[in-house]
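All of the numbers you see were taken from the coordinates with simple rules; none came from a lab. Only a predicted model underlies this, so the values are computations on that prediction, with no experimental measurement involved. A quick note on method: Cβ atoms are made from the backbone with ideal geometry, for glycine too, and the neighbour counts reach across all protein chains shown.
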Amino acid sequence: MMTTADGVVDSGAAPRPAGRVKAFLRLVMIEHSVFALPFAYIAALTAMYEWDENIHWGRLLLVTIAMVGLRTFAMAVNRIIDREIDARNPRTAHRELVTGAMSVRHAWTGALVALVVFLGAAALLNPLCLVLAPVAVIPMVVYPYGKRFTNFPQAILGLAQAMGPVGGWLAVTGSWSWDAVVLGLAVGIWIGGFDLIYACQDVETDREVGVKSVPARFGIPAAVWGARACHVVTTALFVWYAVLTGAGAFFWFGLVIVAAAFVYEHTIVRPNDLTRLNRAFFSTNGFIGISLFVCALIDLLVRGLTF
């Protein structure tokens, strides 16, 4: 075994193509698409309801491809840019670019393929989606560098995530919607908020390495309270979106579930107790996205959306 110029361990044997694909999917944590996809679907389906009350499966498929492609590109770039930082953090030292399970060259190949898939889906949707596609890509690339120049990298992450619902709406109508912007802001602030909590587990390493973050600069209590404030604002924006789109009882019921989940999340994560952080980050937030999507879908179907 040897260490390459990229700072990763090379076992000396080239992994098989199938192994590289699996390693890449692990690298980008493909299963975490569950956090962003439901809200792009909510926006797209609401736009379809307002347009002609029909589900357009072809457009929905392209929205899925575009979202997964962009998220995959963003995660791959994040891992590539952060690989040296990851190597110095015990929590992330097992990541594929650190251990050598995936080379930087192959990670870049996967990232560029994902980017082409995203741009191709955007082009097939409508001209406006294609024109605005680079705007969606920029914060995905800037975010990994954010922790090097600002104590608030979660704000950049939130901006990147806010584009999902906006893109979902644009994919259907080809025109701008402030309703979608409200939903996008809700999603961005929600994800930025729970990333504040997630960053708490790396405080000591971040301070040692020089990585900037709210917990590293202001302390864990400030980050936890900041996350709570973000999720209060998120709930208010979800309510605003419901009012703007004339949502029915099922969507409002979904908001009750979301509010209860937020309360639960902030009950199990406290400044002096981060032992259940992973449950709050992965399980609870995944539940929030899926629950609200299911309730929104039922609400739209009850109101007249048809297959």
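Taking 0.36 nm per intervening residue step and subtracting the Cα-Cα distance, what contour gain separates Leu112 from Arg276 on full extension? Can you show the working numbers first?
Values: separation 164, 0.36 × 164 = 59.04 nm, distance 3.58 nm.
Contour length minus Cα-Cα distance gives 55.5 nm.
Suppose every Lys and Arg Cβ carries +1 and every Asp and Glu Cβ carries -1, with no other charges. What dipole size does the range 171-264 come out with about its Cα centre, to the nearest 20 debye?
Dipole magnitude for the range 171-264 comes out near 180 debye.
Below 8 Å, C-alpha to C-alpha, sequence gap of six or more: please give me the relative contact order for the range 39-298 in percent.
With pairs under 8 Å counted, the relative contact order is 19 percent.
Given Cβ point charges of +1 (Lys, Arg) and -1 (Asp, Glu) and nothing else, what value in debye, to the nearest 20, does the dipole of the chain about its Cα centre take?
Values: 22 positive and 19 negative charges, 121 e Å.
Here the size comes out at about 580 debye.
Name the residues of the range 153-172 whose amide N is less than 15 Å from a point 7 angstrom out from the Cα of Arg303 along the C-beta direction?
169
Return the FRET efficiency for the residue pair Ala229, Leu128: r is the Cβ-Cβ distance, R0 is 30 Å, and the value is rounded to the nearest 0.05.
0.30
Let me understand the range 46-190 better: what is its radius of gyration from the alpha carbons, and its Dmax, in angstrom?
Gyration radius and largest Cα-Cα distance of the range 46-190: 16.7, 53 Å.
May I ask for the equivalent-ellipsoid semi-axes of the range 73-115, computed as the square root of five times each C-alpha gyration tensor eigenvalue and listed largest first in whole Å?
Taking √(5λ) for each Cα gyration eigenvalue gives 19, 10, 7 Å.
Rg and Dmax in Å for the range 190-254, alpha carbons only: what are they?
16.0, 50
Each residue of the range 157-166 in order: what ³J(HN,Hα) in whole Hz does its phi give by Karplus 6.51 cos²θ - 1.76 cosθ + 1.60, θ = phi - 60°, with x for Gly and Pro?
4, x, 4, 4, 6, 5, 6, x, x, 4
Using modelled amide H (1.01 Å from N, peptide plane; none on Pro or chain starts), what sits under 5 Å from the amide H of Ser213, excluding residues fewer than 5 places away?
Correct list: empty.
Given N residues in the range 121-226, what is Rg(Cα) / (2.2 N^0.38 Å)?
Numbers: Rg = 16.1 Å, N = 106, 2.2 N^0.38 = 12.9 Å.
So the range 121-226 has a normalised radius of gyration of 1.24.
Tell me, what is the FRET efficiency for Trp57 and Val294 to the nearest 0.05, using R0 = 22 angstrom and their Cβ-Cβ distance as r?
That gives a FRET efficiency of 0.75.
Once you sort the root eigenvalues of the Cα gyration tensor of the range 146-293 as a ≥ b ≥ c, which label holds: rounded (a/c under 1.5), prolate (a/b larger than b/c) or oblate (the other case)?
It is oblate, given that a/c is not under 1.5 and a/b is not larger than b/c.
Return one number: the angle in degrees, 0 to 90 and rounded to the nearest 10, between the long axis of the Cα atoms of helix 249-268 and the longest principal axis of the Cα atoms of the chain.
Approximately 30 degrees, to the nearest ten.
How long are the semi-axes of the equivalent ellipsoid of the chain, defined as square roots of 5 times the Cα gyration tensor eigenvalues? Whole Å, largest first.
Values: eigenvalues 217, 126, 48 Å².
Ellipsoid semi-axes (Å, largest first): 33, 25, 16.
What ³J(HN,Hα) values, in whole Hz, does the Karplus curve 6.51 cos²θ - 1.76 cosθ + 1.60 give for the range 197-214 when θ = phi - 60°, with x put for Gly and Pro?
Per residue, the Karplus-derived 3J(HN,Hα) values read 5, 4, 5, 5, 6, 10, 3, 5, 5, 4, 5, 5, 7, x, 6, 8, 6, 4 Hz.
Would you mind checking the tilt of helix 220-244 against the longest principal axis of the Cα atoms of the chain, expressed as 0 to 90 degrees and rounded to 10?
Between the helix axis and the principal axis of the chain, the angle is about 30 degrees.
Under 19 Å from a point 7 Å along the Cα-to-Cβ line of Trp240: which residues of the range 125-155 have their amide N that close?
155
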